[in-house]
Amino acid sequence: MLAGQCCFKPATELYPGFAGTVAAVGALPSLAEGHRYSRTDRMAMAAARDAVADFDGPASDLRESGIVMASTVGGLSEIDAEISRGPAAWYRQGGLSRAASYPVSRVAASVAEHLGIEGPTCAVSVACASGAMAIALAANLLLDEAAPMVLAGGSDALCPFTLSGFNSLQALDPEPCRPFDQNRKGLNIGEGAAVLVLETLARATRRGARILAVLRGWAMTNDATHPTAPRKDGLGLACCIQRALEMAGCGIEDVGYVNAHGTGTPLNDIAETHAYESAFHGRSRPIPVSSTKSYFGHCLGAAGALEAAITITAMQTGALFPTLRLTDPIESSGIDWLRGELRRQPLPVAMSVSAGFGGSNAALVFGRSRA
Amino acid sequence: MKTTLPVLTGIGSVTPYGLLAGLISAEPLEPSVITAWSTPGLRRAFLVETFRPASIVPGLKTRRLDRLSAWALVASSLALRDAGIDLSHMDRSRIAVFFATGFGCVELTAAFYQSAATNGWAGTDPITFPETLSNAPASHVALFHDLRGPNVTLSSKSFAAESALLQGASLLRLGQADLAIVLAGDTLTQAVYEWYEAAHLLAPACFSNGPTFSADGFIPSEGVVAMVLEPAGRQTARSYAALGAGRWAAGGDVQAGVRQLLGDVRPDFILCAGNGAPCASSPVSSSACTIAGETEVIPAQAVATGMGEAGALLHLLLALSKRPGQGPALLLGTSAHGGFAALRLELF
């Protein structure tokens, strides 16, 4: 991303007969019991293992951790359309164990099994806002003292089901996507997983942990407007952003960067633009916004977690990633569309914003640790 | 009835017991014969009878929805009706929806696969696709009732309903919402039933007329239960119970975990949830008895156990409907896969 590279390839390389452009993770590490796990599970397990690789606290804390994993695809990647011709026959022909990975709860359970975690474990499935909501719910678990720390994130694999679904909705851009561009044509599906380790600031400070960022505020709202389309005026998302800032104790001037949902679809990007215009109205200088889906596509349930990780990376490195291929931005007021060259600036506070089918919105406010 | 805890003020249910606001009869049920798809012989399950949602909730349009979404709409409407809540006086952006499900919208997921098998992946139905998403039921509840607060769909191996209940109550305690509608449910489809059968998880009573409790498997069930939670002091109507501290865990020592949760409190009742484990041999009963001592144990019922990880709200509804009495209680779920869920309650 620092080099401005994206990772798209033609969908036909993976799924012959499918048009469009996708971003795929390469080969995954092999697992001794790999046959029991879906691709979504395996990506989640790999990301979670990396997330705790440096954990040097008591083993009991890791064992008692909570897990909140987001996914919309779950084990759909393991099931093919032949199941519809007769489930019993498909199960007899080897589908039984593949179908066992279907429930999204398996994603969280797989991480728990892989790392020997025994705390509260759940999966969140709120379409494309899932990943951000997993982090918000994990934070609530910490406030409730339900676990000493929580692994929160998301994972979703590419699969024909979702590619076909978005294709049927005519939501796919056949070329690499152009979020927030006036000539945007849709989204590219990606896949991936990201897991964050959350613990209370007091506990992390006490044990001398390396604190990557402080989650200062979070909020979740719903548009209650349409089953798939966002509210056109963006007010549901704007309300979500305002609530998160309120919880964070931040004003609109404090935010240095917004990692946007920015799918590249005509409807989402215009609604989201209105949301930023409304939420940051009155700010003395334009709010810097970019969509990093232009690098790796829309990873659905994993998107919010991946983008939270990128927001934290931006804060740590001072690198504000521009939206790729954004040449003719949506007309707006008060928004500084990040495009072209990578910009570097100190970033004490940044936001990650997500939205999804069903009208769901989520916003996370991160701050740098003073520790 | 004075409490500082979130309280349960409304219940709506679409279950094999029927479509009801408030408590239900809780009489033992006999499974129904499956006729919705062709079976190789007698196959039985606890099924929701077909009904027209608009006859229960006027104006409801559900023709293109998964049954799970339609049932969630009906159950949430019945629960709000039971709670006697006038939403027009509330800040809709502070009303949350938590929906727990094991499998999500499997009926339309199957239909989408069917369209792919028939027309190829390039010929699938754009109307069906969004309705296959697991969060479609909760989204429709928000859309129909104009609820603009947090809207979360979750799943947790064996404990989805309990975790939704705990997280809904947590949102109220943390001041992130003024009211929460917690729903849990699943539908039974051919693909789900035949998976259970292929995995040898079904009780003998699924294949013949016989006793419904069995150590050798469970009888699948379906339905949606909705519960309205309000912060203490806000509710004006009667309450069923107050929700205290709770825990759910994927593993560990059940008894130690529950004892830690209870502290010095001795529950008068333990309401058992079975979570898909074989009914008679459920580890719930033995754990509950060991923890309970002289405490009265309200056993799990097969119809709720068969609903799997979304069944705990039906367990709770059935236990409340038995009207065991007033006082401290514990909703306890354990799973054959390990782990537990426990929630302290104060029954009114």
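How many residues are at the interface with chain B (Cβ under 7 Å from one of its Cβ atoms) and among the acidic types (Asp, Glu) if we restrict to segment A:96-123?
Residues meeting the conditions: 1.
Can you pull out every residue in segment A:72-95 that is within 9 Å of chain B (Cβ to nearest Cβ) and under 27 Å from the mean Cα position of the chain (by Cα)?
A:72, A:74, A:76, A:79, A:80
Would you confirm whether any residue within segment B:73-92 is under 30 Å from residue A:164 (Cα atoms) and more than 12 Å from chain A (Cβ to nearest Cβ)? Reasoning before the result, please.
Going residue by residue through segment B:73-92, those that are under 30 Å from residue A:164 (Cα atoms) are B:73.
Filter again for more than 12 Å from chain A (Cβ to nearest Cβ), leaving B:73.
Within segment B:73-92 (the criterion being under 30 Å from residue A:164 (Cα atoms) and more than 12 Å from chain A (Cβ to nearest Cβ)), the answer is yes, since at least one residue qualifies.
Please specify each residue of segment A:142-179 satisfying the condition of being out of contact with any strand residue (DSSP E or B) (no Cβ under 8 Å at 6 or more places or on another chain), over 30 Å from residue A:204 (Cβ atoms), among the aliphatic types (A, V, I, L, M) and within 13 Å of another protein chain (Cβ to nearest Cβ).
A:169 - this is the single residue of segment A:142-179 that is out of contact with any strand residue (DSSP E or B) (no Cβ under 8 Å at 6 or more places or on another chain), over 30 Å from residue A:204 (Cβ atoms), among the aliphatic types (A, V, I, L, M) and within 13 Å of another protein chain (Cβ to nearest Cβ).
Could you list, in sequence order, the residues of segment B:8-29 that are outside any strand (DSSP E or B) and of a type in the set (Gly, Ala, Ser)? If you could, list the steps in order and put the result at the bottom.
Initial filter on segment B:8-29 (outside any strand (DSSP E or B)): B:16-17, B:22-29.
B:22, B:25, B:26 - these are the residues of segment B:8-29 that are outside any strand (DSSP E or B) and of a type in the set (Gly, Ala, Ser).
Test residue B:251 against the stated conditions and say whether it is surrounded by fewer than 23 Cβ atoms within 10 Å (Cβ to Cβ), out of contact with any strand residue (DSSP E or B) (no Cβ under 7 Å at 6 or more places or on another chain), without any contact (Cβ under 8 Å) to a residue 12 or more places away in the chain and outside any helix (DSSP H, G or I). Full working, then the answer.
Numbers: surrounded by fewer than 23 Cβ atoms within 10 Å (Cβ to Cβ): yes; out of contact with any strand residue (DSSP E or B) (no Cβ under 7 Å at 6 or more places or on another chain): yes; without any contact (Cβ under 8 Å) to a residue 12 or more places away in the chain: no; outside any helix (DSSP H, G or I): yes.
So residue B:251 fails the test.
Of the residues B:304, B:341, B:319, which is crowded, with 24+ Cβ neighbours inside 10 Å, under 15 Å from the mean Cα position of the chain (by Cα), touching a residue at least 24 places away in the same chain (Cβ under 8 Å) and not in a helix (DSSP H, G or I)? Before the answer, list the steps.
Values: B:304 fails: not in a helix (DSSP H, G or I); B:319 fails: not in a helix (DSSP H, G or I).
That would be B:341, the only listed residue that is crowded, with 24+ Cβ neighbours inside 10 Å, under 15 Å from the mean Cα position of the chain (by Cα), touching a residue at least 24 places away in the same chain (Cβ under 8 Å) and not in a helix (DSSP H, G or I).
When you scan segment A:47-130 for helices (runs of 4 or more DSSP H) that lie fully inside it, which ones turn up with 1 or more residues that are closer than 19 Å to residue A:29 by Cβ? It would help to see each step written out before you state the result.
Values: elements: A:59-63, A:87-90, A:96-100, A:105-115.
Here the list reads A:105-115.
On the basis of being modelled with pLDDT of 95 or more, crowded, with 21+ Cβ neighbours inside 10 Å and not in a loop (DSSP other than H, G, I, E, B), does residue B:75 make the cut? Steps first, answer last, please.
On the way: modelled with pLDDT of 95 or more: yes; crowded, with 21+ Cβ neighbours inside 10 Å: yes; not in a loop (DSSP other than H, G, I, E, B): yes.
In short, yes.
Does any residue of segment A:87-103 turn out to be crowded, with 21+ Cβ neighbours inside 10 Å, at pLDDT 90 or above and within 27 Å of residue A:353 (Cβ to Cβ)?
No, the conditions are met nowhere in segment A:87-103.
Look through segment B:141-158, keep the residues that are at the interface with chain A (Cβ under 7 Å from one of its Cβ atoms) and outside any loop (DSSP other than H, G, I, E, B), and return whichever of them is nearest to residue B:341 (Cα to Cα). Full working, then the answer.
Applying the first criterion (at the interface with chain A (Cβ under 7 Å from one of its Cβ atoms)) to segment B:141-158 yields B:142-143, B:146-157.
Those still in the list that are outside any loop (DSSP other than H, G, I, E, B) too: B:142-143, B:151-155.
Details: B:142: 27, B:143: 31, B:151: 22, B:152: 19, B:153: 18, B:154: 15, B:155: 13 Å.
So the residue we want is B:155.
The values are calculated or read from the model by the stated rules, or taken from the named source; none is laboratory data. What you see is a predicted model; the values in this text were computed from it and never measured. Glycine also receives a Cβ, built like all others from the backbone with ideal geometry; neighbour counts cover every protein chain displayed.
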